[in-house]
Amino acid sequence: MNNHSRRQIEIVEFAAKVYHSGRRHTGINGTLYENKLLQYLRADVPELDFYRGQIRNDKESSSQYDIIICKKGVKQEKYLEEVDLNVNIVDKSDCYGVIELKKWAHPKMISENGPINIAYKKFNIEFPSLKYLFVTFRFKDRKKLINKNWYVLSKSLDIDDKFCFFGNVYNSDEEWKFPWNKQSRVIERNNHYLGEYERLIGTLKDIANSKFK
């Protein structure tokens with residue numbers, strides 16, 4: 001298993017650990033796993049900067065985005081830097097795109113008329129030159145319906161790219177027991193997802209390289 005696959009497992013395990021430890025407030029939960037992904041993206045794609053926050057378009061500010069993909073060396077607002085190194089308001093000219101992040105995705109969410117496609121259409125109208133990537137840590141595969149899985153249903157997503165790190169497990173897999181590297185069934189059940197984080201890193205590096213030319 002390469003380093004990117006280990007990262008992928010660690011990210012999903014961290015999100016599961018946050019939930020199973022009782023930290024289930026949506027805001028707190030989301031901030032923690034967003035920060036975990038930010039930590040790894042900054043380490044693995046040093047050609048870019050990453051923040052949570054908003055995009056400034058002229059004098060208007062956008063909705064809040066989970067992760068903004070930024071030009072390397074973009075300046076953080078001083079008053080924000082004093083409080084949170086992960087939050088920024090970034091000028092559109094310094095942005096390459098955004099990552100919409102979900103801890104869990106489900107079939108309706110990624111359907112043709114689902115919220116991800118709707119959000120992308122809105123984003124594309126406002127920022128047609130920027131990339132829109134969707135990342136979900138897990139997908140609610142339907143175990144008894146082989147056509148109700150991420151690989152089939154995600155074809156309905158008409159966006160720039162999409163990535164899923166993990167699917168469902170069975171109760172017998174005891175996913176709430178940590179660390180997962182001692183729970184081989186949890187990882188084995190999702191071996192077919194390994195490589196998705198590495199593909200995300202490759203996509204981000206391609207974005208960086210295309211902007212530097």
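Length gained on full extension, residue 6 to residue 177, computed as 0.36 nm times the residue gap minus the Cα-Cα distance: 59.8 nm. Going from the residue with the fewest nearby Cβ atoms within 10 Å to the one with the most, 172, 156, 21 rank 172, 21, 156. If you line up the long axis of helix 115-126 against the longest principal axis of the chain, both from Cα atoms, how many degrees apart are they, to the nearest 10? With both axes taken from Cα atoms, the answer is about 10 degrees. Only helices enter the 222 nm calculation for the chain: every DSSP H run of n ≥ 4 contributes -39,500 (n - 2.57), and dividing by all residues gives -11500 deg cm²/dmol, rounded to 500.
Too long at a 28 Å Cα-Cα cut-off: which of 155/177; 36/72; 72/182; 71/102; 140/182? Don't skip to the answer; put the middle values down first.
Details: 155/177 33 Å; 36/72 19 Å; 72/182 38 Å; 71/102 24 Å; 140/182 23 Å.
Table pairs above 28 Å Cα-Cα are 155/177; 72/182.
Which FRET efficiency value, to the nearest 0.05, do you get for residue 155 and residue 93 by plugging their Cβ-Cβ distance into 1/(1 + (r/R0)^6) with R0 = 45 Å? So, using R0 = 45 Å, E works out to roughly 0.85. For the pair residue 118 and residue 29 in one chain, pulling the backbone fully straight at 0.36 nm per residue adds 29.6 nm over the alpha carbon distance.
Neighbour counting of Cβ atoms within 10 Å sorts the residues 4, 20, fewest neighbours leading, into 20, 4. Each Lys and Arg contributes +1 and each Asp and Glu -1, all at the Cβ; summed about the Cα centre of the range 3-212, the dipole is approximately 720 debye. Spin-label model, residue 209 to residue 72: label points 7 Å out along the Cα-to-beta-carbon direction sit 1.4 nm apart. P(r) tail, the range 94-166: Cα-Cα pairs separated by more than 20 Å, 27% of all pairs.
Within 10 Å of each candidate Cβ there may be at most 11 other Cβ atoms; applying that plus a DSSP loop requirement, which chymotrypsin sites (Phe, Trp or Tyr not before Pro) in the range 118-213 survive?
Details: sites: 120, 123, 132, 134, 137, 139, 150, 151, 163, 165, 166, 170, 176, 180, 193, 197, 212; in loops: 165, 166, 170, 176.
Those that pass, being in a loop and sparsely packed, are 170.
Summarising the strand pairing of the range 3-212, around 40 percent of its internal DSSP beta bridges are antiparallel. Ranked by the mean number of other Cβ atoms within 10 Å of their residues, highest first, the peptides 102-109, 58-65 fall in the order 102-109, 58-65.
Going toward the positive end of the dipole of the chain, with +1 on Lys and Arg Cβ and -1 on Asp and Glu Cβ, which of 152, 194, 119 do you reach last? Final value for the positive-end residue is 152. Convex hull of alpha carbon positions in the range 3-212: directionally averaged projected area 12.3 nm². Gain on full extension, evaluated as 0.36 nm per residue between residue 185 and residue 47 minus their Cα-Cα distance, stands at 46.1 nm. Please give the FRET efficiency for residue 21 paired with residue 199, using the beta carbon to beta carbon distance and R0 = 41 Å, rounded to the nearest 0.05. With a Förster radius of 41 Å, E is 0.90.
Any read-out appearing in this document is the output of simple, stated calculations on the displayed coordinates, not a laboratory observation. Bear in mind that the values here come from a model prediction, so they are computed numbers and not experimental data. Cβ sites come from the backbone with ideal geometry, for glycine too, and all protein chains shown count toward neighbours.
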